[in-house]
Structures are given as C-alpha cells and as structure tokens.
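Inspection log for the structure reproduced underneath, given as structure tokens.
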C-alpha cells in the first residue's frame, strides 16, 4: 500500500500556476517546482505526470479563472459601452496592480511556445475564440439597443476588443502608470 498524499493536488496546481506565470515554462525546472510546491519529485511525477502535464493543468486553471472573470464583467446590466469600458478598465487596473508585472499567462505561453506546441496553441486559440464570442454577443446586444451602429461588423468589433485587451496586457508589463492604457480604452470605446 502506497503512502497517502501529504498535499492537496488542487492547491499544488494553483501554486504551479503562480510559478509558471512568474517564470515561464522553460525557466521553471522540475526541482524548482517541487521546492516551490513543497512536494517530493515522486509526488510531482506520480500525481501530475511531470512538469509539462502540471503546466497544462496550471494553464487550464488560469484560463478558467480568466473566462469566469470576463463573463462576470460582461454579463452585468446597464449600457453595453459602459460594461465594455468597465471590463477594459478592470483589465488595466488588475495588470498594473501586479507588482511583478507578469502579464497574462496565456499570452506569455503563446509567446514562449509560439506555434511549436499544438496543445498550447489550441488552448490559446480557444481562449481567444471564447473572449471574441463574448465580445461579439455584447456588441450585438449594443446594436439591438441602438448604442452601436447596427451596420458595423460585430465580429470585427469583437476582434478589435480582443486585440485591445491583448495589447493592453502586453503594455502593462512595462508601463509605469495607467495613462497610455486609459487613452487606449477611451479610443477603443469611442470607435464602437
């Protein structure tokens, strides 16, 4: 009979997410992971299969958190443009408040792996598709309410919003304050 687990795997995935988010995949060694998570190497491999499998779980955890946060921001009530502005402000404030300026784990993974890893590419594309779909639904709601010109291409506007968020997340890694991001937000909402 094997020894019982002395750690919570769910907590370990959360901790691993923080490690990968701070350091990236390549810079995180299995030894660094076991030290940071306070588990043995055997536990890493027996529970998760290894560093890569743990990264996949951490990336999915991050994706779930991001998707639920975005849905909560966009599904409120009130004028569509205000909800969109509030969501973009929230992204800017959250990213600027991160003293480590880690950026977005999904974008970091996309930059680190590029298209060399089908699994990571699929996860990133899936998140982009979900975000763009949420934005498109909100744009279409705004069009029906008369806030946004119904002659505009809702899918193109949703793509603009997606790329605005991605650009803001990248810019927030180096910005010293909110001025540039706030200008981008205002200009983006004005374009709608």
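The values are calculated or read from the model by the stated rules, or taken from the named source; none is laboratory data. Small disclaimer: the values here were computed from a predicted structure and weren't measured. Cβ placement follows ideal geometry from the backbone for every residue including glycine, while neighbour counts extend to all protein chains displayed.
Structural remarks
- Check on residue 81, over 25 Å from residue 121 (Cβ atoms) and either at pLDDT 90 or above or touching a helix residue (DSSP H, G or I) at 6+ places or on another chain (Cβ under 7 Å) (or both): yes
Yes/no matrix, rows are residues, columns are (1) buried (at least 18 other Cβ atoms within 10 Å of the Cβ); (2) closer than 29 Å to residue 54 by Cα:
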{"site": "67", "(1), (2)": "no, yes"}
{"site": "74", "(1), (2)": "yes, no"}
{"site": "95", "(1), (2)": "yes, yes"}
{"site": "100", "(1), (2)": "no, yes"}
{"site": "116", "(1), (2)": "no, yes"}
{"site": "123", "(1), (2)": "yes, yes"}
{"site": "126", "(1), (2)": "no, yes"}
{"site": "135", "(1), (2)": "yes, no"}
{"site": "145", "(1), (2)": "no, no"}
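- Just so you know, in region 153-192 the residues that are over 22 Å from the mean Cα position of the chain (by Cα) and touching a residue at least 24 places away in the same chain (Cβ under 8 Å) include one that is surrounded by the fewest Cβ atoms within 10 Å (Cβ to Cβ), and it is 191.
- The residue list 36, 12, 58 contains one member that is buried (at least 18 other Cβ atoms within 10 Å of the Cβ), at pLDDT below 95 and part of a helix (DSSP H, G or I), which is 12.
- Of the helices (runs of 4 or more DSSP H) that lie entirely inside region 100-192, those containing 2 or more residues that are modelled with pLDDT under 95, closer than 22 Å to residue 17 by Cα and not assigned by TED's automatic domain parsing to the domain that holds residue 26 span 105-113, 118-145, 154-172.
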